[in-house]
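First the structure, which I've put down as structure tokens, then a few questions once you've had a look.
The values are calculated or read from the model by the stated rules, or taken from the named source; none is laboratory data. Model, not experiment: these values are computed from the prediction. All Cβ positions, glycine included, derive from the backbone under ideal geometry; neighbour counts span all protein chains shown.
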Amino acid sequence: MSQEDKFQFSKLKNSLIIMGIFWVVAIILWQTTGKIFYIINFGYIGTAIGVGGGLYASLPKKKKYQGRRLSQLLVGIYMLVFLGFIRFENMQIEGFFFYLLAGFFGGATIHYLVAKVAGPLFFNRGWCSWACWTAMILDFLPFPRNKGGRLPTKWGNIRYLHFIVSLGLILALWFGFGYRVQPGGGITELYWLIGGNVLYYAIAVILAFALKDNRAFCKYVCPITVGLKLTSRFSLLKIAGDAKKCNDCGACEKVCPTDIRIMDYIKNGQRVLSTECILCFECENVCVPGALKANWGFDCGTKELLNMRESPNK
């Protein structure tokens, strides 16, 4: 078996493991609650990611991104259209806060707890690259990466402020004005969803063109990353490398959409421990065979190693 064949099998194996995890969760929730919705929800999402991952593993290098894009579209549209527009669930982070306060174990609550709190412990920030309905639009824009690197660290603090403002707004409405949500969602939840997504898409697209960076919203503004960065630090699935096979070409860092100094981690004998890694596998795709690959293990992210730029105009 050639090295390329081994690489393909490894990627297919990871996709099957992730799909299996989703199906195990689906069956457990179905059996404990008696609700067929859990089989439909988690079974569909796991299968969509598995199909996308399998396609990624099967396609030639220049077309591998199509597998990830397919997964993004299948999961993102399901979340936004079916759970949001059809079931009237507020899938924004504000909806999650509302449902937690109300004690509702609905679609949004399950989604955030599984995909964005507990999920990153297993499959890192794969949500951002393989399922996010905001990123599924952004990845079609013409700026996969700004060559200058990331803006100064203070810009990344905007997402923490966004998180605090969102949580503060919900707490003020709940405790100050007596606002309540209804079980199963409602027209008000739909308005929240539409308003939030219009705002997110507008800011994300404007930032992408202003900073020439598709993922600018993800790096600096998205409040979801606050939780993702916390638990993904301990993720079992990360990018690993073989320092002996690295030829210092820098190709991996040139394509990394989140500007991680990948070679520094590899040379330090570490897996890519940055909580900015979204498991898009672009680095692995351009690297020499066998030098980079995702694997399962246990370690903890420490210092962020990122390529930074000095100013927005650089």
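Considering (1) over 17 Å from the mean Cα position of the chain (by Cα); (2) buried (at least 19 other Cβ atoms within 10 Å of the Cβ); (3) among the small types (G, A, S), say which one G103 fails and leave the rest.
Single failed check for G103: (2).
In the stretch 53-94, what residues are within 23 Å of W174 (Cα to Cα), of a type in the set (D, E, K, R) and in a loop (DSSP other than H, G, I, E, B)?
If the condition is that a residue be within 23 Å of W174 (Cα to Cα), of a type in the set (D, E, K, R) and in a loop (DSSP other than H, G, I, E, B), then R87, E89 are the ones that fit.
Something else: Working only within the stretch 145-181, note down all residues that are assigned to a loop (DSSP other than H, G, I, E, B) and touching an Asp or Glu at 6+ places or on another chain (Cβ under 8 Å).
Correct list: R145, N146, G149, P152, V181.
Sticking with this structure for a sec: Mind checking which residues of the stretch 205-227 are assigned to a helix (DSSP H, G or I) and either modelled with pLDDT under 95 or among the β-branched types (V, I, T) (or both)?
V205, I206, I224, T225, V226, G227
Could you please let me know if F97 is assigned to a helix (DSSP H, G or I), in contact with a Ser or Thr (Cβ under 8 Å, 6 or more places away or on another chain), at pLDDT 90 or above and of a type in the set (F, W, Y)?
yes
Six or more apart or on different chains, Cβ atoms under 7 Å: show the pairs whose first residue is in the stretch 178-205 and more than 11 Å from E89 (Cα to Cα) and whose second is hydroxyl-bearing (S, T, Y).
From residues that are more than 11 Å from E89 (Cα to Cα), the pairs are Y200/T134; Y201/T134; A204/T134.
Sticking with this one: Just a yes or no: is a residue in the stretch 266-282 closer than 19 Å to Y65 by Cβ and basic (K, R)?
Within the stretch 266-282, not a single residue is closer than 19 Å to Y65 by Cβ and basic (K, R).
Here is a follow-up. Within the stretch 236-271, can you find the residues that are in a loop (DSSP other than H, G, I, E, B) and within 24 Å of L55 (Cα to Cα)?
Within the stretch 236-271, L236, C256, P257, T258 qualify.
While we're here: Looking at I164, I194, I206, can you tell me which residue is farther than 18 Å from F96 by Cβ, of a type in the set (V, I, T) and surrounded by fewer than 16 Cβ atoms within 10 Å (Cβ to Cβ)?
Result: I206 is the single residue among I164, I194, I206 that is farther than 18 Å from F96 by Cβ, of a type in the set (V, I, T) and surrounded by fewer than 16 Cβ atoms within 10 Å (Cβ to Cβ).
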